1. Two-decimal Rg/Rh of the chain from alpha-carbon positions, Kirkwood Rh?
2. Could you work out how much longer the chain between residue 62 and residue 30 gets when fully extended? Use 0.36 nm per residue separation minus the Cα distance between them, nm to one decimal.
3. What value, in deg cm²/dmol to 500, does the helix sum -39500 (n - 2.57) over DSSP H runs of n ≥ 4 give at 222 nm once divided by the residues of the chain?
4. Mind checking the angle between helix 45-67 and the chain's longest principal axis? C-alpha axes, 0 to 90 degrees, to the nearest 10.
5. Taking only Cα atoms, what is the 0 to 90° angle, nearest 10, from helix 13-27's long axis to the longest principal axis of the chain?
6. Place the peptides 46-57, 3-14 in order of packing, highest mean first, counting for every residue the other Cβ atoms within 10 Å and averaging per peptide.
7. Between residue 55 and residue 40, what is the spin-label point distance in nm, taking each point 7 Å from the Cα along the Cα→C-beta axis?
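Every number in this text was worked out from the coordinates using simple rules, so none of it is lab data. Remember, it's a predicted structure, so these values are computed and weren't measured experimentally. Please note: Cβ atoms are built from the backbone with ideal geometry, for glycine as well, and neighbour counts cover all protein chains shown.
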């Protein structure tokens with residue numbers, strides 16, 4: 001979506017910038033860009049399984065360490 005703001009006759013540059021920022025705000029372009037800026041891809045099924053298995057293993061290790069009275073990491 002291309003936005004176009006042209007300078008009118010006898011219009012100051014300051015009012016032109018003001019009109020431009022107003023049209024950009026109203027168009028919603030900035031909101032779309034900001035939403036997409038930090039977008040992260042979803043994890044694959046295999047990655048989810050691996051991370052779940054890792055959490056289970058770490059929990060088991062912590063439980064054993066707690067029973068042996070080792071300092072927690």
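1. Taking Rh as the inverse mean 1/r over Cα pairs, Rg/Rh reads 1.53.
2. Extending this stretch completely gives an extra 6.9 nm.
3. -21500 deg cm²/dmol
4. 50
5. 50
6. Ranking the peptides 46-57, 3-14 by packing returns 46-57, 3-14.
7. In this crude spin-label approximation the distance works out to 1.3 nm.
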